[in-house]
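Down below is the structure, laid out as structure tokens.
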């Protein structure tokens, strides 16, 4: 019997109109040590000639501002939620 892979769900999806950034939590093992890291995929959704929703990674010039926005929000989410890459960033409460 084949071993079934667990369906991987995104950690977070950030949208701006037709543009979305999906954050994935990944794990890898090297030298017996498990490491977690995050990756981001960018998609543009559109309706085809038949009216069915489709998704593409191909972007138009007018999509760039929305791509910048969703990437900025994705980066903010990752840093503020304790990614390994955020060790050098501190946020102080000023009263």
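Rule-based calculations on the coordinates, nothing more; no lab input. The structure presented is a predicted model; accordingly, all values stated were derived computationally and were not measured. Positions of Cβ are backbone-derived with ideal geometry, glycine not excepted, and every protein chain shown enters the neighbour counts.
Listed values, structure above:
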| quantity | calculated |
| --- | --- |
| Relative contact order of segment 12-81, defined on C-alpha pairs under 8 angstrom at six or more residues apart (%) | 32 |
| Cα shape, segment 1-78, gyration tensor, a/c 1.5 rule | oblate |
| Three-way shape label, segment 33-72, alpha-carbon gyration tensor, a/c 1.5 | oblate |
| Efficiency of FRET from Cβ geometry, residue 15 and residue 37, R₀ 22 Å, rounded to 0.05 | 0.45 |
| Nitroxide proxy distance, nm - points 7 Å out along Cα→Cβ at residue 24 and residue 57 | 0.9 |
